[in-house]
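Some notes on the structure that comes next.
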Amino acid sequence: MWIGIDDTDSPEGMCTTYLGAVLARRLAEAGMQIRSLRLIRLNPNVIWKTRGNAAVAIEAEGDPDLAFAIGSDLIDELADLACDRTNPGLVICGGTRPPASFAEQAITGFCTIDEAIAACEGVSARYAGWKNGRGLIGATAAIAADLRDSTSEILVYREGASCGTKRSVDPITLRLAEEVTFPHTWDTVDRMNRTIVCVPHTPDPVLFGIRGENPVWVSLARHLIRSETPELEAIFETNQGTDAHLIWGFIGSLEEGRSYLVSGTVSSSPVTGIGGHVSLLIRDGEYSLTCMAYEPTKGFRDVIRALAPGDRVVVCGSYKDSSLNLEKILIITAEPISFWDAPICPSCGKKMTSAGADKGYKCRLCSMRMRDPVIRRRDRMIAPGWYEVPPSARRHLARPLCRGAPAILNDVVRDISDPINVNQQK
């Protein structure tokens, strides 16, 4: 059977992954066999999310009625039901899961509670919702998700009495774990910005979490870390770090609240605004798109500032408030910049100066004159390739470049170099 839960946390505390880990432990104590735990991140742009928009699924063998009773009791016990935005959902189904298309819709777009209920009833799943039951969406999606590309995360949880107090995790061992296991694990620390990434600051039970390729690598990194004594830990299979939220889009037809890959040509020089935010305007035919690199992306903004009109790019990020919030960028072309300049005097070898409006150029040393300027080329500070935001600004679902570019992004590169393919897609 598959057991899905979602929306048990709040900004003030609790964590759906913690509740899932506790549920797995209680099911095992009741004699059931736990086969796997899943952590599925849903659309990061959903306005109803509490924090990271994660849902949990457990694959187990045992009595579904007993599992449903244990799960219901645990939600009553641990979920932050006092929070207006916390609306848990619990779903249990047998061998047939809801369609994977429902999960894809929940990860890349939006689903309704009625659609979740219909998906559950379509496979005769048992379900329950608390309050308005919005958690049924995530619970159903967590079960339905088809993890064609997956990663792992080991989550270490605090003892209950410690929640809300300062976490004790040795930063030296966190950096050691990063050095020993990168690129097979990632987002433990942000070395460039000297920031710890894997230790949260919210008052929930998570002590720290390590993300990586598979259970072996995250376990190795975890056992290098010294910390306060944890209560519980669990390894989840997850869609984090896979770019599962990105879909191919075209400028002029983007929908609010979705995350896209979009190709275009830089149409004007980037602008640094108040607060250090950098805006970039790209164009595709008659349509234009504003892309934003906000201050928390730190050095990534320098990449955006180095772009120039005529550069061809693929931008990746979420489309909100009519602009794309950049997560990474592929620079296809960044040709040397050509500009008009004063000529060099053939006699003296010195650079000439302007002789006045429409009067050409004059050498100050020998008075030689030349009518026309020359074209010069200036090399660029950036080269074609992929660039990403630092770990401290990376979203859970964003695929780090240490994993390489997924197939969909390679297809984009091929298609934008072939206008026929692009026109067919449009």
*Would you please list the contacts, defined by Cβ atoms under 6 Å and residues six or more apart or on different chains, that run from a residue in the stretch 98-119 that is farther than 11 Å from Ile137 by Cα to a residue that is in a helix (DSSP H, G or I)?*
Pro98/Ala119; Pro98/Thr140; Pro98/Ala144; Ala100/Ala144
*asked:* I'm trying to understand the selection: among the residues of the stretch 1-45, which are free of Cβ contacts under 8 Å to residues at least 60 places away in the same chain and either surrounded by fewer than 23 Cβ atoms within 10 Å (Cβ to Cβ) or farther than 16 Å from Ile75 by Cβ (or both)?
replied: Arg26, Ala28, Glu29, Ala30, Gly31, Met32, Gln33, Ile34, Arg35
*Could you list all residues from the stretch 104-137 that are among the acidic types (Asp, Glu) and under 25 Å from Ala79 (Cα atoms)?*
Asp114, Glu115, Glu121
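Checking the conditions here, which among Ser318, Ser288 is under 22 Å from the mean Cα position of the chain (by Cα) and either closer than 25 Å to Thr108 by Cα or not assigned by TED's automatic domain parsing to the domain that holds Pro390 (or both)? Give the derivation first.
On the way: Ser288 fails: under 22 Å from the mean Cα position of the chain (by Cα).
Unique residue meeting the criteria: Ser318.
Give me the residue from the stretch 1-51 that is assigned to a helix (DSSP H, G or I) and among the aliphatic types (A, V, I, L, M) and, out of that set, nearest to Asp204 (Cα to Cα). So that I can check it myself, show each step before the final result.
Filtering the stretch 1-51 for residues assigned to a helix (DSSP H, G or I) gives 16-29.
This time we only want the ones that are among the aliphatic types (A, V, I, L, M), so: 19, 21-24, 27-28.
Working: Leu19: 11, Ala21: 14, Val22: 14, Leu23: 17, Ala24: 19, Leu27: 23, Ala28: 24 Å.
Going through the qualifying residues, I end up with Leu19.
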*asked:* Out of the residues in the stretch 129-174 meeting the condition of being of a type in the set (Asp, Glu) and under 25 Å from the mean Cα position of the chain (by Cα), tell me which one is farthest from Trp186 (Cα to Cα).
replied: Asp146
_For the stretch 152-195, which positions are of a type in the set (Lys, Arg) and within 14 Å of Pro230 (Cα to Cα)?_
Arg158, Lys166, Arg167
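Scan the stretch 124-137 for residues that are touching a helix residue (DSSP H, G or I) at 6+ places or on another chain (Cβ under 9 Å) and part of a loop (DSSP other than H, G, I, E, B) and report the count.
Here is the first cut: in the stretch 124-137, the ones touching a helix residue (DSSP H, G or I) at 6+ places or on another chain (Cβ under 9 Å) are 125-130, 132-137.
After this cut, where a residue has to be part of a loop (DSSP other than H, G, I, E, B) as well, the list is 125, 130, 132-134.
Within the stretch 124-137, residues that are touching a helix residue (DSSP H, G or I) at 6+ places or on another chain (Cβ under 9 Å) and part of a loop (DSSP other than H, G, I, E, B) number 5.
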*Restricting attention to the stretch 202-217, does a residue exist that is part of a strand (DSSP E or B), among the acidic types (Asp, Glu) and closer than 24 Å to Gly404 by Cα?*
no
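Picking from Leu307, Leu232, Leu280, Leu289, which residue would you name as being surrounded by 15 or more Cβ atoms within 10 Å (Cβ to Cβ) and either free of Cβ contacts under 8 Å to residues at least 24 places away in the same chain or in contact with a Cys (Cβ under 6 Å, 6 or more places away or on another chain) (or both)?
Leu280
Can you find, within the stretch 325-349, the residue that is farthest from Lys359 (Cα to Cα) among those that are in a loop (DSSP other than H, G, I, E, B) and out of contact with any Pro (no Cβ under 9 Å at 6 or more places or on another chain)? So that I can check it myself, show each step before the final result.
Here is the first cut: in the stretch 325-349, the ones in a loop (DSSP other than H, G, I, E, B) are 334-336, 342-343, 345-349.
Checking the rest, the ones that are also out of contact with any Pro (no Cβ under 9 Å at 6 or more places or on another chain) come to 335-336, 345-349.
Details: Glu335: 31, Pro336: 29, Cys345: 16, Pro346: 18, Ser347: 19, Cys348: 20, Gly349: 20 Å.
Step by step, filter the stretch 325-349, then rank; the result is Glu335.
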*Of everything in the stretch 278-289 that's part of a strand (DSSP E or B) and of a type outside the set (A, V, I, L, M, F, W, C), which residue is nearest to Leu397 (Cα to Cα)?*
Ser279
_Every residue from the stretch 188-229 that is within 26 Å of Gly4 (Cβ to Cβ), crowded, with 22+ Cβ neighbours inside 10 Å and within 17 Å of the chain's Cα centre (by Cα)_ = Cys198, Gly209, Ile210, Arg211, Gly212
*Is it fair to say Leu326 is under 30 Å from Thr181 (Cα atoms), in contact with a His (Cβ under 8 Å, 6 or more places away or on another chain) and either acidic (Asp, Glu) or modelled with pLDDT of 95 or more (or both)?*
no
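Among the residues of the stretch 203-219, is there at least one that is closer than 21 Å to Arg399 by Cα and without any contact (Cβ under 8 Å) to a residue 40 or more places away in the chain?
Here is the first cut: in the stretch 203-219, the residues closer than 21 Å to Arg399 by Cα are 208-219.
Keeping just the survivors that are without any contact (Cβ under 8 Å) to a residue 40 or more places away in the chain gives 216.
Scanning the stretch 203-219, I find at least one residue that is closer than 21 Å to Arg399 by Cα and without any contact (Cβ under 8 Å) to a residue 40 or more places away in the chain, so the answer is yes.
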_Quick check on the stretch 46-64. Is at least one of its residues polar (S, T, N, Q) and either buried (at least 19 other Cβ atoms within 10 Å of the Cβ) or touching a residue at least 60 places away in the same chain (Cβ under 8 Å) (or both)?_
yes
_Subset of the stretch 242-277 (residues that are among the β-branched types (Val, Ile, Thr), in a loop (DSSP other than H, G, I, E, B) and in contact with a Phe, Trp or Tyr (Cβ under 8 Å, 6 or more places away or on another chain))_ = Ile251
*Hey, does the stretch 143-157 have a residue that's more than 30 Å from Arg258 (Cα to Cα) and either of a type in the set (Lys, Arg) or surrounded by 14 or more Cβ atoms within 10 Å (Cβ to Cβ) (or both)?*
yes
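The values are calculated or read from the model by the stated rules, or taken from the named source; none is laboratory data. Everything quoted here is computed from the prediction, not taken from an experiment. Cβ atoms come from the backbone with ideal geometry, glycine included; neighbour counts cover every protein chain shown.
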